[in-house]
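The values are calculated or read from the model by the stated rules, or taken from the named source; none is laboratory data. All values derive from a computational prediction rather than experimental measurement. Glycine gets a Cβ as well: all are built from the backbone with ideal geometry, and neighbour counts include every protein chain shown.
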Amino acid sequence: MRIRALLAALLIAVPGVLAQGLPDLGDVAQAGFTPLQERRLGEAIMREIRADRDYYDDAEATDYVNTLGNRLASRSTESRQDFEFFLIRDSQINAFALPGGFIGINT
């Protein structure tokens with residue numbers, strides 16, 4: 001019962017939080033790299049990740065997270081790059097971003 005009440009409270013509170021949008025991190029964070037340099041750095045990191053045994057290389061699952069992720073990203077009015085979503089074998093709920101639009105999601 002407590003979980004249901006907590007979930008109901010979160011559902012009521014979340015729309016107000018989402019309406020405020022994401023914080024503006026400013027352009028200073030992007031001043032050090034050009035978009036091409038950022039993409040190349042992300043690709044270099046991805047080569048290492050793909051060689052790791054925890055990289056989850058399942059075409060159907062990868063297609064699913066890319067479809068879902070790109071649907072979410074397409075709703076942003078400030079999206080200036082393409083995204084590539086990938087899976088990592090890890091049971092903890094988590095995700096992370098790499099330079100160049102690479103987004104890792106734990107299985």
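Residues of the stretch 36-56 being of a type in the set (K, R) and within 14 Å of A97 (Cα to Cα), which ones? The answer is R39, and nothing else.
Every condition in (1) modelled with pLDDT of 75 or more; (2) farther than 25 Å from N106 by Cα is met by A31 except one, and the failing one is (1). Selection of the stretch 53-81 for residues being loosely packed, with under 14 Cβ neighbours inside 10 Å and of a type in the set (S, T, N, Q) yields T67, S74, S76, T77, S79, Q81. If the condition is being of a type in the set (S, T, N, Q) and either exposed (fewer than 12 other Cβ atoms within 10 Å of the Cβ) or in contact with an Asp or Glu (Cβ under 6 Å, 6 or more places away or on another chain) (or both), then the stretch 82-107 contributes S91, Q92, N94, N106.
Mind checking which residues of the stretch 49-70 are farther than 11 Å from F85 by Cβ and not charged (D, E, K, R)?
Taking the stretch 49-70 as the starting set, the residues that turn out to be farther than 11 Å from F85 by Cβ are 49-60.
Result: I49, A51, Y55, Y56, A59.
Where strands (runs of 3 or more DSSP E) fall entirely within the stretch 49-107, those with at least 1 residues that are without any contact (Cβ under 8 Å) to a residue 12 or more places away in the chain are at 95-98.
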